[in-house]
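K.L.:
Below you'll find the structure I mean.
FYI, it's all coordinate maths here, none of it is from the lab. Values in this document were obtained by computation on a predicted structure and should not be read as measured data. Positions of Cβ are backbone-derived with ideal geometry, glycine not excepted, and every protein chain shown enters the neighbour counts.
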Amino acid sequence: MTFDLLLRNCRAVDVTGVQECDVAIEDGRIAKLARNAEDQADRVIDCRGMLVFPGAIDGHVHFEMDYGPGIRTADDFRTGTESAACGGVTTVIDFVTPRRGQSLIEAFEERLGAAQAKAVVDFGLHVCVLEVNGQRLSELRHLVSERGVASVKVFTAYRARGLMIDDGSLVRLAREMAAMDVLMLCHCENEDMIAKATEELVFEGRTGIEHYESSRPDFAEAEAVNRIGFVSSLTGVEFLVVHISSAAALSSLRALKRSGVRARGETCPHYLLFTKDLYATDRGPLYVMAPPLRTEVDRRSLWQGIADGAIDVVGSDHAPYLAVHKTRSKDFREVPGGVQGTEVIVPVLFSEGVRKGIIGLERFVELTSHNPARLYGLSHRKGRIAVGWDADLVVLDPSKRVRLGKEVLHSALDHSIYEGIEVTGYPVITISRGEVVAENGQVLGRPGRGQYLHRSRKRAEPVQLR
């Protein structure tokens with residue numbers, strides 16, 4: 001038989017183990033897994049010496065996001081998904097953030113249109129909920145049933161920016177989401193604790209970037225995790241704490257999991273690599289994000305969570321701003337928060353996790369594709385190397401060394417926070433639904449080829465806790 005694409009001599013890695021096989025692809029799906037297949041294909045790729053993984057799923061990106069007047073993230077849906085593709089990411093999930101008073105349905109359709117015109121890889125959309133009332137809940141039910149939305153996001157901080165919802169609204173929303181089995185993503189920081197910490201720093205004249213971490217203390221993060229956990233214990237909603245930065249927050253998450261609460265955790269590459277010491281350097285403003293970078297103890301704690309299963313997924317929180325915006329002020333209150341990351345999830349986790357013996361290959365797949373597919377309602381078609389699943393694959397050269405400088409990465413950003421970081425193990429081919437969309441650092445996928453993904457957790461297997 002002649003297939004569209006045939007990957008020969010693969011070491012194909014799935015959560016179930018490593019399989020020596022050929023992978024045949026037809027009509028965008030995996031059609032056959034076999035040893036020494038005698039089939040032909042329009043294109044044959046020899047993967048000898050490589051590892052083949054399911055394409056990564058980055059469930060946390062912010063493309064074309066406005067921070068304030070004249071300040072928008074550097075990547076739109078084209079450059080952002082091109083960057084993702086070159087890093088072995090075949091699915092991204094961005095956010096619908098409505099304007100105050102705007103219909104969630106209208107906001108969703110606007111965001112969908114922007115992504116459909118430019119996306120190079122497949123994408124989904126979380127919905128940020130800023131107000132909870134009968135009308136908004138009705139709109140959410142419509143988006144879940146008719147538009148394939150399987151996740152919402154809430155903020156326990158950013159009152160001044162209009163993103164935070166109150167605790168009463170949080171409980172009401174959680175009950176509704178539990179009834180529909182919709183995942184609730186949570187930005188966990190205690191707004192009032194942040195406000196008081198910042199007020200004290202301002203009074204003392206300590207508003208330089210070197211004091212930024214103190215303005216958003218780890219206990220503010222941990223308290224909000226505990227609060228969301230309590231809401232989950234009342235309502236049964238499954239929630240994901242995004243961008244965990246601290247040992248304190250991770251400890252809270254561990255306790256919630258032990259108690260039986262449906263709690264999940266995400267961390268990001270920057271928390272696994274960097275510490276708050278960078279805030280005292282000339283490049284400090286470039287590393288401002290929320291929550292902030294923490295201590296070496298926190299960094300090591302997060303790697304422990306990666307290793308033992310306390311952390312379920314790794315996402316990028318990709319929200320980079322140009323250097324002119326990041327360095328416009330020496331006052332941490334004036335610096336837009338956000339950094340790049342979607343292109344480095346795979347190489348950082350492989351180089352620093354797999355090659356250094358912290359995690360195995362199967363755990364790598366759990367963190368980058370298998371668990372995200374289950375959590376986000378995509379496990380019926382993404383996150384596996386199996387017959388019938390989407391042919392979303394990344395071919396990784398385990399010995400390829402790359403320095404993650406601006407000249408290598410494909411973001412439209414004018415700098416790299418990973419400058420000077422060298423990784424060993426790098427994606428060389430990325431395949432999205434059977435099409436090679438990136439090869440040896442070259443983007444081959446065309447803007448607009450990425451499909452919107454209708455997601456449903458009702459078809460998903462539950463994530464198994466370790």
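K.L.:
May I ask for the angle, rounded to the nearest 10°, between helix 77-86 and the longest principal axis of the chain, with both axes built from Cα atoms and the value confined to 0 to 90°?
P.N.:
The angle comes out at about 60 degrees.
K.L.:
In deg cm²/dmol and to the nearest 500, what is the mean residue ellipticity at 222 nm of the chain if only DSSP H runs of at least 4 residues count, each as -39500 (n - 2.57), divided by the residue total? Don't skip to the end; give the middle numbers.
P.N.:
On the way: 14 runs with 134 residues, N = 466.
Taking each H run of at least 4 residues, the total per residue is -8500 deg cm²/dmol.
K.L.:
I've got another one for you. Could you work out how much longer the chain between PHE219 and THR275 gets when fully extended? Use 0.36 nm per residue separation minus the Cα distance between them, nm to one decimal.
P.N.:
Values: separation 56, 0.36 × 56 = 20.16 nm, distance 1.70 nm.
Full-extension gain reported as 18.5 nm.
K.L.:
Sequence gap at least 6, Cα distance under 8 Å: using those rules, report the relative contact order of the chain to the nearest whole percent. Don't skip to the answer; put the middle values down first.
P.N.:
On the way: 1136 pairs, mean separation 103.5, N = 466.
The value is 22 percent.
K.L.:
How high is the FRET efficiency from ARG100 to ARG449, r the C-beta distance, R0 41 Å, rounded to 0.05? Intermediate results must be reported in sequence, preceding the final value.
P.N.:
Values: r = 34 Å, r/R0 = 0.83.
It comes to 0.75.
K.L.:
For helix 104-116, report the angle its Cα long axis makes with the longest principal axis of the Cα atoms of the chain; keep it between 0 and 90° and round to the nearest 10°.
P.N.:
40
K.L.:
For segment 47-112, report the translational diffusion coefficient in µm²/s to the nearest whole number, using Stokes-Einstein at 10 °C, 1.306 mPa s, and a Kirkwood Rh over Cα pairs.
P.N.:
Using the Kirkwood radius from Cα pairs, D works out to 115 µm²/s.
K.L.:
For segment 304-355, what is the convex hull volume of the alpha-carbon atoms per residue, in Å³?
P.N.:
Numbers: hull volume 5.9 nm³, N = 52.
Given the Cα convex hull of segment 304-355, per-residue volume reads 113 Å³.
K.L.:
Starting from the Cα of ARG403, step 7 Å toward the Cβ, then list every residue of segment 416-447 with an amide N under 19 Å from that point.
P.N.:
416-427, 441
K.L.:
At q = 0.19 Å⁻¹, what log₁₀ I(q)/I(0) does a Debye calculation on the Cα points of segment 285-441 give, no solvent, two decimals?
P.N.:
With no solvent term, the Cα-only Debye profile gives -1.37.
K.L.:
Also, I was wondering about something else. Which trypsin sites (Lys or Arg not before Pro) in segment 156-242 pass both tests, a DSSP loop state and at most 12 other beta-carbon atoms within 10 Å?
P.N.:
Details: sites: ARG159, ARG161, ARG172, ARG175, LYS196, ARG206, ARG227; in loops: ARG159, ARG161, ARG206.
Sites meeting the loop and neighbour criteria: ARG161.
K.L.:
Does anyone have the angle between helix 296-308 and the longest principal axis of the chain? Alpha-carbon axes, 0 to 90°, nearest 10?
P.N.:
With both axes taken from Cα atoms, the answer is about 40 degrees.
K.L.:
Same structure again: Quick check on segment 55-384: what does the Kirkwood estimate of hydrodynamic radius come out to from the alpha carbon pairs, in Å?
P.N.:
About 19.8 Å, per the Kirkwood formula over Cα pairs.
K.L.:
Would you compute, for the Cα atoms of segment 91-142, the largest minus smallest coordinate along each principal axis and list the three values in descending order, in whole Å?
P.N.:
36, 16, 15
K.L.:
Just to verify a number: FRET efficiency for VAL324 and PHE203, C-beta to C-beta distance, R0 = 25 Å, to 0.05?
P.N.:
Values: r = 30 Å, r/R0 = 1.19.
That gives a FRET efficiency of 0.25.
K.L.:
When each pair of different Cα atoms in segment 20-168 is counted once in the 1/r mean, what is the Kirkwood radius in angstroms, to one decimal?
P.N.:
Roughly 18.1 Å, rounded to one decimal.
K.L.:
Using 0.36 nm times the number of residues separating ASP331 and VAL387, minus their current alpha carbon distance, what extension gain do you get? The partial results should precede the final answer.
P.N.:
Details: separation 56, 0.36 × 56 = 20.16 nm, distance 5.39 nm.
Full-extension gain reported as 14.8 nm.
K.L.:
Would you mind counting up the charge near VAL242? Only other residues with Cβ under 10 Å from its Cβ, with Lys and Arg at +1 and Asp and Glu at -1. Each step should come with its number before you reach the end.
P.N.:
Details: positive: LYS153, ARG264; negative: GLU266, ASP317.
Around VAL242, the surrounding residues sum to 0.
K.L.:
If you scale each eigenvalue of the Cα gyration tensor by 5 and take the root, what three semi-axes come out for segment 358-466, rounded to whole angstrom and sorted largest first?
P.N.:
Working: eigenvalues 147, 70, 39 Å².
The answer is 27, 19, 14 Å, longest axis first.
K.L.:
Further question on the same structure: Around THR90, with a cut-off of 11 angstrom between Cβ atoms, what is the net charge of the other residues, counting Lys and Arg +1 and Asp and Glu -1?
P.N.:
Details: positive: LYS382, ARG433; negative: ASP58, ASP122, ASP390, ASP392, GLU435.
In short, -3.
K.L.:
How big is segment 245-284 by Rg and Dmax over its Cα atoms, in Å?
P.N.:
Computed over the Cα atoms of segment 245-284, radius of gyration and Dmax are 14.0, 45 Å.
K.L.:
Send over the Kirkwood Rh of segment 181-333, from the inverse of the averaged 1/r over different Cα pairs, rounded to one decimal Å.
P.N.:
Numbers: mean 1/r = 0.0626 Å⁻¹.
Averaging 1/r across every pair of different Cα atoms and inverting gives 16.0 Å.
K.L.:
Between SER259 and VAL18, what is the FRET efficiency for a Förster distance of 51 Å, r being their Cβ-Cβ separation, to the nearest 0.05?
P.N.:
Values: r = 35 Å, r/R0 = 0.69.
It comes to 0.90.
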